[in-house]
Amino acid sequence: MNIRRIVLDVDKAIARPTLIEITQAIEAVPGVHGLNITVTEIDIETVGTSVTIEGQGLDYAALVKAIESTGAVVHSIDQIIAGTQMVEYFSRKR
């Protein structure tokens, strides 16, 4: 399957790993062309983030392994786009 974009819900501890460490680990995975890590919530001990990764032929297992090697945790896949072209989500209006 040619995964082109994946959005992951990732949590990390306040102190470590840093967002830079997570970014470096993800960038090292083959097929990654770009990524965005956005902090979505902060509490006393953890930081919640949304991680958007784009590329060609992304390997989900390799991405999870890279993220978890830093000490962060992947909670869920929030979006996945696969195939030969990008198909964006459009909200249906009622």
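The values are calculated or read from the model by the stated rules, or taken from the named source; none is laboratory data. Quick caveat, the model's predicted, so the values are computed rather than measured. Reconstructed Cβ throughout: ideal geometry from the backbone, glycine too, with neighbour counts over all protein chains shown.
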Practice problem: Assess whether E88 counts as being acidic (D, E) and closer than 21 Å to R16 by Cβ. | Solution: no
Quiz item: If a residue has to be β-branched (V, I, T), at pLDDT 95 or above and exposed (fewer than 10 other Cβ atoms within 10 Å of the Cβ) to count, how many in region 71-93 make the cut?
Solution: 0
Quiz item: Can you pull out the residues in region 1-34 that are part of a strand (DSSP E or B), out of contact with any Asp or Glu (no Cβ under 6 Å at 6 or more places or on another chain) and either among the aliphatic types (A, V, I, L, M) or surrounded by fewer than 15 Cβ atoms within 10 Å (Cβ to Cβ) (or both)?
Solution: I3, I6, L8, V10, A13, V32
Exercise. Working only within region 67-76, note down all residues that are assigned to a loop (DSSP other than H, G, I, E, B) and over 11 Å from D11 (Cβ atoms).
Key: T70
Practice problem: Looking for whichever is at pLDDT 95 or above, surrounded by 13 or more Cβ atoms within 10 Å (Cβ to Cβ) and within 15 Å of E21 (Cα to Cα) here; the options are T38, T49. Which one fits? | Solution: T49
Practice problem: Scan V64, V87, V47 and give me the residue that is of a type outside the set (K, R) and either assigned to a strand (DSSP E or B) or farther than 19 Å from M1 by Cβ (or both). | Solution: V47
